[in-house]
């Protein structure tokens with residue numbers, strides 16, 4: 001008998017041969033989706049960079065709404081690259097316009113945040129590649145122009161920057177995505193490694209240097225981290241130890257899963273984003 005268990009059980013038994021990842025549903029029709037995030041209500045947001053759109057799907061409904069299109073107005077983008085949400089607001093890193101856009105959870109425009117021309121040199125960011133929110137509401141911007149992380153308080157006052165110092169271990173080279181962990185650590189994904197800082201920007205460690213190539217996205221799951229490359233999921237525990245590699249071809253699906261771009265975790269499922277579709281993947285284990 002096959003039963004669905006919590007993701008925590010999956011992590012403890014991730015190497016067991018009776019663990020399966022099974023496609024439950026596939027939906028969406030994107031031109032080039034790159035980023036994925038969910039909010040506490042279960043709403044799903046996807047960036048379709050080809051169409052410069054932020055797309056909202058409430059749960060797993062086929063119907064969706066969106067904001068964007070190419071431009072520089074308050075409701076358009078030029079190369080959106082990152083998403084963050086606190087459940088009430090959605091933040092979008094608008095790379096080509098050098099700004100972070102804030103919308104309510106239903107995609108109504110609230111404000112735009114730009115510092116590229118400010119007189120305070122340390123606060124400037126350009127070409128943002130990603131954005132993250134802490135539990136306190138602090139905003140972390142992955143600055144693609146200066147290859148660093150810039151931290152702002154909840155009222156958008158500059159606090160500090162990091163990731164651009166001379167220490168090779170912590171100096172950003174090619175940042176891809178930024179997230180804040182449950183213990184308020186800042187993690188930045190690069191194509192071949194994950195770099196972890198504490199809340200104040202002090203370097204902590206590098207996870208799996210050289211273990212993967214061409215990483216596109218990552219997410220936190222119970223007691224672990226999943227990194228996704230176009231063809232493989234890399235599952236690590238909290239200590240940074242590799243638990244399992246899952247190739248896209250090993251996922252039980254109705255049709256082959258294309259090149260993977262990003263991932264989000266739930267209790268007993270994963271959301272896998274390819275450039276054209278969103279796959280809901282159920283985590284199944286055989287009971288003993």
Which distance in nm do the two modelled labels at residue 252 and residue 204 give, with both placed 7 Å along the Cα-to-Cβ direction?
3.6 nm
For the pair residue 121 and residue 41, how long in nm is the line joining their label points, each one 7 Å along Cα→Cβ?
4.4 nm
Would you calculate a helix-derived [θ] at 222 nm for the chain, using -39,500 (n - 2.57) for each DSSP H run of n ≥ 4 and dividing by the full residue count, to the nearest 500?
-500 deg cm²/dmol
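Between residue 111 and residue 213, 0.36 nm times their residue separation minus their Cα-Cα distance comes to what?
33.1 nm
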Please list 204-211, 139-146 highest first by mean number of surrounding beta-carbon atoms within 10 Å per residue.
139-146, 204-211
Which label belongs to the value computed from this structure, given these candidates for mean projected area of the Cα convex hull in nm²: (i) 14.3; (ii) 13.0; (iii) 16.3?
(i)
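Which of the peptides 241-248, 166-173, 49-56 is most tightly packed, and how do the rest follow, judged by the mean count of other Cβ atoms within 10 Å per residue?
Working: 241-248: 15.2, 166-173: 12.8, 49-56: 20.1.
Ranked from most to least packed, the peptides come out as 49-56, 241-248, 166-173.
If I stretch the segment between residue 158 and residue 146 completely, what's the gain in nm (0.36 nm per residue apart, minus their alpha carbon distance), one decimal?
Values: separation 12, 0.36 × 12 = 4.32 nm, distance 1.56 nm.
Here the answer is 2.8 nm.
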Using packing as a proxy for protection, rank 109-122, 260-273 so that the peptide with the highest average count of other Cβ atoms within 10 Å comes first.
260-273, 109-122
So for R0 = 25 Å, FRET eff. of residue 136-residue 223 from the Cβ-Cβ r, to 0.05, ends up at 0.60
With a point put 7 Å past each Cα toward its Cβ, work out how far residue 104 is from residue 185 in nm, to one decimal.
3.7 nm
Which three extents, in angstrom, do the Cα atoms of region 185-288 have along their principal axes, listed largest first?
45, 35, 20
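May I ask you to derive the relative contact order of region 2-286, considering only C-alpha pairs under 8 Å and at least 6 residues apart, and to give it as an integer percent?
Value for region 2-286: 19 percent.
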Region 140-170 versus region 239-281: alpha-carbon centroid distance in Å:
30 Å
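Please state the relative contact order of region 78-126 as a whole percent: Cα pairs under 8 Å, 6+ residues apart?
On the way: 89 pairs, mean separation 12.1, N = 49.
It rounds to 25 percent for region 78-126.
Every number here is computed from the coordinates shown, using simple stated rules; none is lab data. Not measured: the values here are computed from a predicted model. Backbone-built Cβ (ideal geometry, glycine too); neighbour counts: all protein chains shown.
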